[in-house]
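A short write-up of the structure that comes next.
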Amino acid sequence: MAMGSLADSAWSTIKVPLNADDNQGIEVHEAVSSFFSDAENSLLGMCVIRAQESDLGWYEYKLAGSRTWVKIEIEDPNPGGKAFAAFNVKRIADTFWSRKEATGYSFLAWDFEEDKDNKAGDRLSITLPFCQECIDTDYVLSQAYMTGNAMKVNCKGVISSSPLVDDVCGVCGGDGKSCVDCNGDKDGDAIYNKCNICVGGETNRVETEGVDCNGGCDNSYRQFANLDDGCYPSNMNVQKFIRREFCDGVWNSGAKLDDCGVCTGGQTGKTFNEDMDACGVCNGNSDTCSSCYAESGGTKEEDDCGNCLQPKDPEFNKGCRKFDISPKSGNVDVSGELEVSGAGLDKFSLPECSITNDETSASSFLQVSDYSAKKGTFTLSYGAYEAAGTFTISCKFPEKGEDQPVSITATSKLTIYSFPTLSSITPSSADLDAIPSELTITGSGFQDTGSLYCFAECTITITKECMTLKVATFEATFVDSGKVICNIPDKLRKSAKISFTTQIGVALAKPTRGIKLPDDQLSFSLVGPAPTFDSAEFVGGCRVVLTFSDTITEVDSCSDALSSQTVAKLGDSPECSVGGKYLKIKLGKSSSLSPDDSIEIKENRLRQRGTDSSANHVSGSRVVAASNEKSVKFEKLECPSSIGSCDSYTVKAKFQGGGCAELTYVWDIELNSDSSDGAVLSNLQDMKDKFQLVTTNQLELTSDDMIAGHSYKISVHTTTLQGETSEQKSAIIERTVGDQPLQISLGGDIKDHDPSKPLAIGSQVSKSMCASLDLDGLAFGWEAESTADVDLSRFTRSKIRIPPGYMKGGSNYTIKVLAMVINDMSITAEASVTISTMSQDLVAKIARAPLITTGSDSKLVLDGSASYDPDRGDDENDSIYHIWTCERVEEDEEGNEELGACLLSLTDTDGSTSFVSFSDYQDVVDAKSIIELPEFSLSTNTKYQFTLTYKYVFTVSVTAVFTLTYFENDRSSATKEIAVEVKEGSPPKVSIDEIEGSHNPNKDLVIAGSVLSPLDFAVTWSCVEGEGYEVLDVEAFSNANGKRYGGNGRAVSVALVVAAEFLKPGATYKFELDATHSDNFAVAALEVTVNAAPQCTDVTNTGGTSGTALTDEFTAVMEGCDDDETDFPLTYRFYTVDVDNSDKVTYLTAESQLASEISTKLSAGVRKFGCQVCDINKACADYVSDTELTLSNSDFTTSNIDQILEDAGDDVALGGESPLISQVLDNVESMDDPTDEVKEMVVTLGDMLTSSTLSGINAQLVVCFLMPEA
């Protein structure tokens, strides 16, 4: 027999049901084959060498064919063993149990087919200790043995000391509430409605309880008295609201203003547009349009051939062959494009076109693009002309079936104008709050061309044209040949917010891309007050934020913005940066700045952003206020619940944050219960005096501290130089009477764990100073208390690695570990750790948010189906509602937006029209994720704002766990808004894909846009300037600007890619995508915030600057990390950098971890600690310590080799990488002549890495040791 062990001396657990009366045992061969194999015999027997009895039960066996179970009784301390066909554990009590009631067993595998001589029926008697010969000679018994426990399981089949049972609702481990409705009635029908009010069932409340007439839950709308379908905002006068909705003041009358501003319909007696003439002119006499249009009542038009036809008539524009150009004028020194439209061109193919100077007869060819014979349209491009003149455009059109092309000359000529001479501008400057509506420019050479324009240099983004033309244009009014008036649009006058100076010119033709200002350009300035220095405040322990009344200019350094006296207080190498109207200061080391100190602005440096040096500058000083937020956050307090009578212990605390402010730890101790014993009180005062001297995060408890038999409360908090005091944390510790031979710790509780990431938990086992124990023979059992979600019974080592997705977000878990001495199971120790997982907000999403444009004749579809709950799977979201509300956005007389009720105009089957409140519309009341509004139901030229509330509405099927999670943690709902602009006809449909969260500053920003248009269109990407927004010149990042696309009714993808180096961390940008076709335009917008990486002080080291590799332990600590509140928790990944080869980086952990420190043994060489710190939005920063650590080669003694193999084995068993192995191989690589013991260690490490990949010399080293002949 060649019997092999699948698990050498393994620790195994047998699960025993709570109700064990019908336990049928386990077949011997099934149990043995889980751990042993034999190539010759698949059926192996079992030799039991230990069968422990406890309060839980005992082991039994029965032979094949027998009905009788026989208790296994082994009396001798080194007993004989018995093989049996099955075994069983009997339950003797229904009470709760503990891990100490586990029943231990040990067995060898027995090949009874080989053991012909010793076989006696189905039993074998042996004597321990074994004779080596009987094992080695015939391999009758395995050399390795299995040992383990039988433990009870709960109703989920999970080993636990908390016996989950079926509740009254039949749910394992349930709380008895899953079959109880929100009114407390079992199997009741009451549910929570959309306003989280329990309704229905026995509540005597209807489903609409608490819901206002607009479908909301905040009572922001009221019902009209005596009108069932009337609903108006609570903060608005009823009559004002009715008249705004129906201009005759009668609710639901259908009256509305026509295109002439006249109230029509309803009870007015007027018909819609009755004051409009046949040409569409209000109060006109029908003389402003063609007789064709007027006489046909607007149904016909005169085509380019002079025929009066309906536009859809097949003969429209077919009765002649001609074309014309637009525009008909241009400016000197500027190239341009001409849009061509013609009649009778449908039989032609791509023409050849030319332009001829009427004066000189010089001719040149024109570039033809976007040719459409069917539409009779194409585009011509011409170059710049240095002199003014008139030009004739002619084209030769190839015709199918004809040898010669057809020559056609454009109906109109192209006129190129020179620039007039400019003399003066009045006024030449103005205050921001009094911008004139007109600028008067004098000079010579002005002409009334019908296309007279003023244009201004874009020193800032004056208008959207700055993104495409690089100039802003304004229509001009011709006065005479020596004077014109530039008309400043009202919108620009109202929106201008910053001071700037610009240069202005005049063009006789509309400016196009590439136009340059003339040499005699005129200067115009807008001047506003300087921003005021409003406040200075600490934000966390390391940052100060200065707030101004307006955006300010960028700074290169702190000394560039602040007075020398202020900079002197900011410490070593402080950093200053500007974001909008905020100046952010990161204090350096040794900063002395504290609350109530003054910060002074440097003279003549800061001014309003976008202005030039002539603008007014910021001045003054402000006292720094203390921070209102807590920058210091508690991380852990490591303190055992009890220690033995002769033990010492080091209590460790860790607070995170404080920025560059060094943390001072303040310790205290109190009795946990009253005592009048003088010796106890005297000992307590001695400890208090000693604790007051400790200002670090470690507190040493000696065997003289704390009197045996008493319990104490140890407390700790921190303070900073800025005067911030952290929360106080406490732990209870007892000095027991007598010894605690075995002790185990799991460290402090774990907060804010991200359940989508793995979690490694390691136990630290120690023995009492008074005990003589061998800690090598330990067994471990793990469990998650009071939950069936997490089964940890398969973990049997001192460390575990909980895989991603094992735990749910927004939950608390208690993980318990039990350590046992295998040779004496009465010696045990338990420890537990509480894990709280991060709860993420519900995410409400609307496709194409935040703004879409739709046509009045298009169906509006709003899609909120992408909303989700990050903490629950799709199959757990049955109780989530999508609740839609709508408000109409209008402007009052002063231009301010106000919201009103959203009314839908619905057409009945008989053609009649009725108005229905959005909340009463039958297709949206069912809380759907996608809603559709029919064509023509929304008013033209109106803006609506829709809000999606994504929330849990708890029904009978939802357990109390959901209630606690979503109500108590304020996660009951999330909202998303989308603005919808309704335009006449069919404007382009423009959308931008939403970007979740903050953008990683280390990656390029990719913004995906889409345009769907029935007509040819052009697009423009822009970055909007405004309060709180940074500005980018996106012209360099998009090749789509100004480009024309075919309107084939299919969506066209238009992307904007901004390289990472142009993005400013911490800044917010607003991007817009504008699509324009011949009839209309539409805009989509997206705000993007670029995440800023965490800011830390330094990586520090404890443990000295030298030592022996892989023997001495060093601790690296990442100090003073700070970040935005929404970016926590931070994660840390430590590494070392080889001083002699900076490219050689060795990571000390396989993955990032929540702990901001690490204790480790390092390989030989000169090294520095480094750490990569990342926030939850994936912005990372690397810090490398200045301190060098010099480590000499390890001698690799037997004891440290054993320790290395054990630690590496734990790493690999946890399913992760083993950074330790890499360090060991680094150390061996530098050895001249490794010993045989070292080579065996490397071979063993190589076996551990069978599923891993080593690189370079380390892999070769393992191969050489494995194959010495090579």
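Every read-out reported here was derived from the displayed coordinates using simple, explicitly stated rules and does not represent laboratory data. Quick caveat: nothing in here was measured; it's all calculated off a predicted structure. Neighbour counts run over all protein chains shown; Cβ positions are idealised from the backbone, glycine included.
Near K470, within a Cβ-to-Cβ distance under 9 Å, what is the net charge of the other residues, with Lys and Arg +1 and Asp and Glu -1? It would help to have the intermediate numbers written out before the result.
Working: positive: R513; negative: E457, E465, E1035.
That sum, taken over residues with Cβ under 9 Å, equals -2.
Of K1064/K1168; K300/K1043; K494/K845; K1003/K1070; K569/K690; K347/K510, which pairs sit farther than 23 Å apart, going by alpha carbon to alpha carbon? If you can, show how the numbers build up before the last one.
Working: K1064/K1168 30 Å; K300/K1043 33 Å; K494/K845 33 Å; K1003/K1070 18 Å; K569/K690 34 Å; K347/K510 34 Å.
Cα-Cα > 23 Å for K1064/K1168; K300/K1043; K494/K845; K569/K690; K347/K510; rest within.
Summing Lys, Arg as +1 and Asp, Glu as -1, what charge do residues with Cβ under 9 Å from the Cβ of I191 carry, I191 excluded?
With Lys, Arg at +1 and Asp, Glu at -1, the neighbours total -3.
If you count, for each residue, the other Cβ atoms within 10 Å and average over each peptide, how do 1063-1076, 1233-1246 line up from highest to lowest?
Top to bottom by mean Cβ count within 10 Å: 1063-1076, 1233-1246.
Of K767/K808; K633/K816; K497/K602, which ones are farther than 30 Å apart at the Cα?
On the way: K767/K808 35 Å; K633/K816 25 Å; K497/K602 24 Å.
Listed pairs above 30 Å: K767/K808.
From the Cα gyration tensor of the range 632-837, with a ≥ b ≥ c the square roots of its eigenvalues, which class applies: rounded if a/c is under 1.5, or else prolate if a/b is larger than b/c, or else oblate? The partial results should precede the final answer.
Working: a/c = 2.26, a/b = 1.15, b/c = 1.97.
Oblate.
Give the long-range amide H neighbours of F224: residues separated by 5 or more places, or on another chain, with amide H under 5 Å away, using H modelled in the peptide plane at 1.01 Å from N.
The list, which skips near neighbours in sequence, is G230, C231, Y232.
Averaging over all projection directions, find the projected area of the Cα convex hull of the range 324-417 and quote it in nm² with one decimal place.
5.6
What ranking do 367-375, 858-866 get when scored by the average of other Cβ atoms within 10 Å per residue, highest first?
Per-residue mean Cβ counts within 10 Å order the peptides as 858-866, 367-375.
Tabulate in residue order the Karplus-calculated ³J(HN,Hα) for the range 1100-1113, using 6.51 cos²θ - 1.76 cosθ + 1.60 with θ = phi - 60°, rounded to whole Hz; enter x for Gly and Pro.
Each residue of the range 1100-1113 in turn: 10, 10, 10, x, x, 10, 8, x, 9, 4, 6, 10, 7, 9 Hz.
First check a/c for the range 715-805, with a ≥ b ≥ c the square roots of the eigenvalues of its C-alpha gyration tensor; if it is under 1.5, answer rounded, and if not, answer prolate when a/b is larger than b/c or oblate otherwise.
Cα axes put the range 715-805 in the oblate bin.
Looking only at Cα atoms, what is the convex hull volume of the range 421-527 per residue, in Å³? Don't skip to the end; give the middle numbers.
Working: hull volume 9.4 nm³, N = 107.
Per-residue hull volume (Cα only) is 87 Å³.
Rank by packing, highest mean first: peptides 634-643, 306-315, with packing defined as the count of other Cβ atoms within 10 Å averaged across residues.
634-643, 306-315
Just to confirm a number: summing +1 for Lys and Arg and -1 for Asp and Glu over residues other than L637 whose beta-carbon lies under 9 angstrom from that of L637, what do you get?
+1
Provide V737, V1011 in ascending order of the number of other Cβ atoms located within 10 Å of each residue's Cβ, fewest first.
If I rank by nearby Cβ atoms, fewest first, I get V737, V1011.
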